[in-house]
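Below you will find the structure I want to go over with you.
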2 protein chains.
Amino acid sequence: MHDQTTRDRILESALHLFSTKGYIGATTKEIAKKAGLAEVTLFRHFRSKEKLFETVLNSYTFLPDLKGLLPQVSDKPYEESLLIIAERFYDKLSERKEMIQLVQAEVQRYPEKLLKTYQKFIYELWHTLALYLNELQKKRIITKLDPEIGARAFLGMCFAYFNAQELMLNKTPDKKTKDETLKGFVQIFVRGTTA
Amino acid sequence: MHDQTTRDRILESALHLFSTKGYIGATTKEIAKKAGLAEVTLFRHFRSKEKLFETVLNSYTFLPDLKGLLPQVSDKPYEESLLIIAERFYDKLSERKEMIQLVQAEVQRYPEKLLKTYQKFIYELWHTLALYLNELQKKRIITKLDPEIGARAFLGMCFAYFNAQELMLNKTPDKKTKDETLKGFVQIFVRGTTA
DNA sequence: TGCTTATGTAAGTGGTTACTTACATAATAA
DNA sequence: TTATTATGTAAGTAACCACTTACATAAGCA
C-alpha cells in the first residue's frame, strides 16, 4: 500500500488547515503543499476531500484521552483531586486545541459527522465527574447538591477559561497564571460544595 | 438611496447564513435568495461580500447590550444579584446566538476584524463583574479572593453551559431546567465566595 | 534485469463563485 | 407626462476548486 508516513503527513497537515481555515476554506492543493507533496498524491491516499475530512475526525478523537483521568484520583483528598482534574483537563484541551477548534467551528455545518463525537465527549466527561461527586456526597464530604450541576459548573469554568484564552485570544497563558487561575477555581468550587 | 428595509433584510439573511455556513460557505446568491431578492440587488447595496460581512459584524455587536446589566443590581442582596446576572447573561447570549457562533467559528480566519470586538466583549464584562466583586469584598460580604478569577469562574460556568447546550447540541433547554442549573451555579459560587 | 510501487509534473475538465454589464419594469416624484 | 429610483432578468467573465488522466522517474524487489 501507500506509505504510512506520507498518509500521516497529509492527515496532520489537513487537521491544521481544516482547523484554521475550516472545511471549505482549506484547499486540497494547500493541504498537499503543506505536507510537502503533490496534490495528486493526496487523492491517491484519499478518494475525496470529504473522505479525508472524515479520516481526520476519526484519527484525532480526544475521547480515550480523557476517560482515564478520573479513576486515578479517587483516593486523594477532595481539593487535591479537583486541582489535578482541572489541570489535566485544561492540558488535554490545549493539546487537542486544533481538533476542538475544528469541532466548534464546523458542528453547525456537519452535525451528522461531528455531533456524535462531541456529544460523547461532553457527556462522558461530565457524567463521570458527576459520578465522582455523587460518591463524595454519599461519604458526606460534599454538600447536598445536584452532582450533574456541580460537574457542569466545574468543567464549565475550566472550559470557558481555555476557550477564551486559547481559542479566542489565541494566547496560551504562562504556567504561573494558569495554575493560579485554576487553583482559584478549585478553591471557589471546593468551598462552595464541601459539607 | 436604496431602500432601508431591503438593506436590513440582506443583513439579517447574511447574519443567519454566515453564522451557520461560515463566511466562505455562505454564497451571495443564497443570501440574496433568502432575503427574497435578486443577487444583483445585494451588490447594489454592498460593494462586495467582504464589505457585507463587515457591515454584518458592525450591525450586530452585542457589546452595548451587556454593559447595562450590572449597575442595576448593585443594591440587591448578593445571591439575588448573581442570579439576575446569570439569567440575563445567558439570555443575552441566546438572543445573540448567531453572532456568537459566527465569532467563534471565524476568529481564527479574520482576527483583525473579529478579535477586537470579541476581546472588548469578554474583557468589559469580565472586568465589570470583577469590579462588582471587589466592591463586595470591601464591604466584607465576600471572602478574600482574586476578583478577576472569581468573575472568570462565574461567567465561565454560564458561558460554557450556553456553549454546550445552544451552540454544540443546538438544543435550547426548557426554562425550568435552565433556571435550576443557573440557580445551582449561583449557589455553589455564593457558598464558595461569601465571607 | 525487469516488475512493481510510490511518488512527481503537466495539462485539463466541469462546476461554482464573486462580481459585472446591459436592458426591462414598476412605482414614485417633479 | 417625464425623469428618477429601486428593483428584476439574463448573460457573461475570470478565477478557483475538487478531481482526473497521462506519462515520467526513482527505488526496491524478484
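Conditions tested, residue by residue: (1) farther than 26 Å from B:T61 by Cβ; (2) β-branched (V, I, T); (3) free of Cβ contacts under 8 Å to residues at least 24 places away in the same chain.
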{"site": "B:L129", "(1), (2), (3)": "no, no, no"}
{"site": "B:K139", "(1), (2), (3)": "yes, no, yes"}
{"site": "B:T143", "(1), (2), (3)": "yes, yes, no"}
{"site": "B:M157", "(1), (2), (3)": "no, no, no"}
{"site": "B:A160", "(1), (2), (3)": "no, no, yes"}
{"site": "B:M168", "(1), (2), (3)": "no, no, yes"}
{"site": "B:F185", "(1), (2), (3)": "yes, no, no"}
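Here's another thing I want to ask about it. Quick test for you: out of A:L17, A:L52, pick the one residue that is away from chain B (no Cβ under 14 Å), closer than 21 Å to A:I100 by Cα and under 27 Å from the mean Cα position of the chain (by Cα).
Selected residue: A:L52, the only one of A:L17, A:L52 that is away from chain B (no Cβ under 14 Å), closer than 21 Å to A:I100 by Cα and under 27 Å from the mean Cα position of the chain (by Cα).
On to the next question. Those residues that are within 11 Å of DNA strand D (Cβ to nearest atom) and among the basic types (K, R), I need them from the stretch A:34-59; list them, please.
Answer for the stretch A:34-59, where residues must be within 11 Å of DNA strand D (Cβ to nearest atom) and among the basic types (K, R): A:R44, A:R47, A:K49, A:K51.
Out of curiosity, is B:L57 more than 28 Å from B:N163 (Cβ to Cβ) and more than 14 Å from chain A (Cβ to nearest Cβ)?
no
Another one. Which residue is farthest from DNA strand C (Cβ to nearest atom), if the candidates are limited to the stretch B:1-39 and must be surrounded by fewer than 17 Cβ atoms within 10 Å (Cβ to Cβ) and closer than 17 Å to B:E54 by Cβ?
Here is the first cut: in the stretch B:1-39, the ones surrounded by fewer than 17 Cβ atoms within 10 Å (Cβ to Cβ) are B:1-6, B:8, B:20, B:24, B:27, B:29-30, B:33-34, B:36, B:38-39.
Right, trim to closer than 17 Å to B:E54 by Cβ and you get B:8, B:24.
Details: B:D8: 19, B:I24: 7 Å.
Checked the stretch B:1-39; the qualifying residue farthest from DNA strand C (Cβ to nearest atom) is B:D8.
Next up: If we keep just the residues of the stretch A:100-148 that are assigned to a loop (DSSP other than H, G, I, E, B) and more than 10 Å from every other protein chain (Cβ to nearest Cβ), which is least open to solvent (accessible area, probe 1.4 Å)?
Residue satisfying both the conditions and the ranking: A:Y110.
Pull out all pairs, ordered by first then second residue, where Cβ-Cβ is under 8 Å, the residues are six or more apart or on different chains, the first lies in the stretch A:36-61 and is at pLDDT below 95, and the second is buried (at least 18 other Cβ atoms within 10 Å of the Cβ) and not in a helix (DSSP H, G or I).
Short answer, once both residue conditions are applied: A:Y60/A:R96.
Follow-up question, since we're still on this one. Test A:A86 against the stated conditions and say whether it is farther than 30 Å from A:T181 by Cα and either within 15 Å of DNA strand D (Cβ to nearest atom) or open to solvent by less than 50 Å² (accessible area, probe 1.4 Å) (or both).
Taking the combined requirement at face value, the residue does not satisfy it.
The values are calculated or read from the model by the stated rules, or taken from the named source; none is laboratory data. Worth saying up front: this structure is predicted, and the values here are computed from it rather than measured. Cβ sites come from the backbone with ideal geometry, for glycine too, and all protein chains shown count toward neighbours. Surface accessibility is based on the protein's heavy atoms, side chains included, excluding ligands, DNA and RNA. Shrake-Rupley method; radii C 1.70, N 1.55, O 1.52, S 1.80 Å.
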